[in-house]
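Engineer: Sharing a structure below in structure tokens format, with a few things to ask.
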Amino acid sequence: MTASTKLRKRVLSGMRSTGKLHLGNYVGALDNWVRMQDEYQCFFEVADWHALTTDYADTSRVKENSLEVALDWFAAGLDPEKSVIFIQSHVPAHAELHLLFSMITPLGWLERVPTYKEQRENIKDKDLGTYGFLGYPVLQSADILIYKAEVVPVGEDQVAHIELTREIARRFNSFYGQRGDVFPEPQSLLTLAPKLPGTDGRKMSKSYGNTILLTDPEAVVRQKLKTMVTDPARVRRSDPGNPDVCPVGDLHKIFSDRATMDKVNVGCRSAGIGCIECKSWAADALVQLLHPMQERRKKFEENPRLAWDILEAGTARARQAAAETMDDVREAMGMSLAYESPAAKGAK
Ligand code: TRP
Ligand code: SF4
């Protein structure tokens with residue numbers, strides 16, 4: 001690591017390893033991470049343990065899902081020369097810090113986390129009454145604090161987890177920080193993502209089955225666009241429409257250039273263009289965005305070994321950074337193995 005990277009603020013973020021990523025993951029997070037790489041010292045983790053908190057019953061796809069996420073990251077431009085890219089479960093110190101945090105985290109803090117309550121109510125096909133699921137945000141706090149990250153780029157749904165991370169850091173520092181704070185109180189950096197509709201007009205989400213994947217080939221992208229819902233008021237070709245209430249209009253706003261946007265605005269409102277034509281322009285913009293990513297991905301698909309090598313090297317760097325923090329943690333808690341003479345102890 002060069003001197004300049006040492007001076008940059010540390011960033012950590014992660015994604016649960018749930019397989020191939022979609023456009024919502026890109027505009028909601030990945031695109032932002034790619035840009036942050038030049039300004040911060042970034043750590044990006046494939047959170048496979050977090051995936052297990054809900055999908056613990058069948059682990060047959062865990063490894064494959066982690067690889068798929070990593071390939072999409074490399075394709076989108078996360079760069080192992082700039083950032084530390086690694087797999088959570090291969091940095092076991094996260095689990096050690098999670099355990100120590102679990103000692104000092106009041107149950108009430110966890111039961112109050114909004115995502116916990118929501119998911120317990122909404123997800124009925126899995127038993128989420130587990131110890132691990134309740135501890136999800138404690139593990140996330142360990143992920144962040146083990147790198148002493150100060151900045152955590154996340155979407156709105158994660159803000160409560162970062163708040164909890166700050167509370168855990170504060171509590172740890174107040175118990176054990178007699179010789180100075182061990183942990184910073186990290187800030188969430190909200191990704192100001194425009195709402196990205198899926199093909200059915202609802203928010204793009206894997207659980208709705210309305211996604212466009214970063215790996216979808218051109219023909220699939222075009223097909224998905226063809227069946228995408230539009231302004232419901234525009235029934236016939238001769239009816240004027242309104243791009244502001246049309247999911248395809250939303251895609252144009254995010255991905256199309258000014259000139260296309262103008263054509264859409266004018267043409268839709270005057271019934272001068274048809275939805276088929278309008279959708280083909282949106283598909284053009286998506287294909288243009290995805291094509292270079294898919295080209296970059298090819299090299300790894302043909303030779304997955306390359307990706308594992310990068311992940312292995314990243315994981316080694318992460319382990320090193322995590323070990324440094326764990327030394328501080330053990331020291332602060334008076335649990336370091338180093339022998340201290342009674343005289344040295346008295347002098348403190
Ligand atoms: N909980 C995050 C999500 O579902 C994923 C995640 C795991 C994470 N560890 C993290 C995000 C640490 C930020 C920092 O999106
Ligand atoms: Fe939507 Fe385009 Fe059709 Fe207008 S022309 S309703 S923006 S798809």
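Engineer: Please list, or write none, the lysines whose alpha carbon is within less than 18 Å of the alpha carbon of Lys206, excluding same-chain residues fewer than 8 places away.
Structural biologist: Within reach: Lys20, Lys124, Lys126, Lys195, Lys224.
Engineer: How do 157-168, 39-50, 14-25, 228-239 rank on mean C-beta neighbours within 10 Å, highest first?
Structural biologist: For the peptides 157-168, 39-50, 14-25, 228-239, the packing ranking is 39-50, 14-25, 157-168, 228-239.
Engineer: Further question: Using amide H atoms built in the peptide plane, which far-off residues or other-chain residues are under 5 Å from Ile87 H to H?
Structural biologist: Hits under the 5 Å cutoff: Val46, Thr315.
Engineer: Continuing with this model, one more query. Report the local net charge at Glu150: Lys and Arg +1, Asp and Glu -1, summed over other residues whose C-beta lies under 9 Å from its C-beta.
Structural biologist: +2
Engineer: I need to check one value: relative contact order of segment 29-96, counting alpha carbon pairs closer than 8 Å and at least 6 residues apart, in percent.
Structural biologist: Relative contact order for segment 29-96 comes out at 55 percent.
Engineer: Divide by every residue of the chain the summed helix terms, -39500 (n - 2.57) for each DSSP H run of at least 4, and state the resulting mean residue ellipticity at 222 nm, rounded to the nearest 500 deg cm²/dmol.
Structural biologist: Rounded to the nearest 500, it is -16000 deg cm²/dmol.
Engineer: Helix 136-145 against the longest principal axis of the chain: what's the angle in degrees, Cα atoms only, rounded to the nearest 10?
Structural biologist: 70
Engineer: If amide hydrogens are placed 1.01 Å from N in the peptide plane, which non-local residues have theirs closer than 5 Å to the one on Cys42?
Structural biologist: Under 5 Å from the amide H of Cys42: Val11, Val84.
Engineer: Here's something else I'd like to know. Quick one: Debye curve from the alpha-carbon atoms of segment 216-298 only, equal weights, vacuum; give me log10 I(q)/I(0) at q = 0.22, 0.23, 0.27 Å⁻¹ to two decimals.
Structural biologist: Evaluating at q = 0.22, 0.23, 0.27 Å⁻¹ gives log10 I(q)/I(0) of -0.98, -1.05, -1.34.
Engineer: Normalised by the number of residues in the chain, what is the relative contact order in percent for Cα pairs under 8 Å and 6+ residues apart?
Structural biologist: Reported as a whole number, the value is 21 percent.
Engineer: Please turn the phi angles of segment 113-130 into ³J(HN,Hα) values with the Karplus equation 6.51 cos²θ - 1.76 cosθ + 1.60 (θ = phi - 60°), one per residue in order, whole Hz, x for glycine and proline.
Structural biologist: Computed from phi, the couplings for segment 113-130 are 4, x, 4, 5, 4, 4, 5, 4, 6, 8, 9, 9, 7, 10, 7, 9, x, 9 Hz.
Engineer: So, in nm, how far is label Asp79 from label Thr260 when the simple model puts each one 7 Å beyond its Cα toward the Cβ?
Structural biologist: Simple spin-label model gives 2.6 nm for this pair.
Engineer: Starting from the Cα coordinates of the chain, work out the convex hull volume and express it per residue in Å³.
Structural biologist: Expressed per residue, the convex hull around the Cα atoms of the chain is 157 Å³.
Engineer: In square nanometres and to one decimal, what's the mean projected area of the convex hull around the Cα atoms of segment 248-348?
Structural biologist: 13.1
Engineer: GNM, the chain, Cα, under 10 Å: largest mean-square fluctuation among Gln140, Gln187, Gln178?
Structural biologist: Most flexible of the set in this elastic network: Gln178.
Every number in this text was worked out from the coordinates using simple rules, so none of it is lab data. Source: prediction; values computed, not measured. Ideal geometry is used to build each Cβ from the backbone, glycine not excepted, and the neighbour counts take in all protein chains shown.
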